[in-house]
C-alpha cells in the first residue's frame with residue numbers, strides 16, 4: 001500500500017472523529033476511488049495523485065463557475081482545494097521541467113523524438129507538474 005494512501009486513510013479517520021465534514025467527505029470520495037483501484041492492483045502513489053488531480057479539476061470547475069453571491073460554495077471549494085494541495089508533491093515550474101527534460105536529452109537517457117520524450121516526461125514527472133506544460137516544452141525542445 002502506498003504511503004500517500006495510508007496517510008489519506010489516517011486523515012479520514014481523524015477528520016471523522018473531529019467531525020470535520022468537509023475534509024471527511026472529500027477524503028471519503030478519494031478513498032472510494034482508491035478502493036476500486038485496489039481491487040484490481042495494489043494502489044501506488046501515482047494512482048493516489050491521479051485521483052487527487054481528478055478531484056482538483058472538479059473543484060477548480062466549481063470555483064470557475066460559481067455564481068456571484070454563493071460565497072458558501074466558494075469557501076467550501078477553496079477549503080477542499082487547500083486540503084488536496086497538502087497531499088500533492090511540490091509542483092515544478094516550467095523552467096524546472098525544461099531543465100529536467102534538457103538534461104535527460106543531453107545525458108542520452110531518452111531519444112530525441114516526441115514520443116520517447118513525452119513518455120519519459122509522463123513517467124518521471126507524473127503529479128509533479130502540469131502535463132500540458134510538458135507537452136509544450138517538449139515541442140519547443142524538438143524544434
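Observations, loosely collected:
- Among the criteria (1) free of Cβ contacts under 8 Å to residues at least 60 places away in the same chain; (2) under 25 Å from residue 131 (Cα atoms); (3) in contact with a helix residue (DSSP H, G or I) (Cβ under 8 Å, 6 or more places away or on another chain), the one residue 57 does not fulfil is (3).
- Residue within the range 39-49 that is under 16 Å from residue 6 (Cα atoms), over 11 Å from the mean Cα position of the chain (by Cα), surrounded by 13 or more Cβ atoms within 10 Å (Cβ to Cβ) and free of Cβ contacts under 8 Å to residues at least 60 places away in the same chain present: yes
- Here 49, 37, 13 are screened, and the one residue that is under 22 Å from residue 129 (Cβ atoms), part of a helix (DSSP H, G or I) and assigned by TED's automatic domain parsing to the domain that holds residue 72 is 49.
- Taking the range 1-10 as the range and being crowded, with 18+ Cβ neighbours inside 10 Å and closer than 13 Å to residue 84 by Cβ as the test, the residues that pass are 4, 8.
The values are calculated or read from the model by the stated rules, or taken from the named source; none is laboratory data. If you're wondering where the values come from, they're calculated on a predicted model, not measured in any experiment. Glycine also receives a Cβ, built like all others from the backbone with ideal geometry; neighbour counts cover every protein chain displayed.
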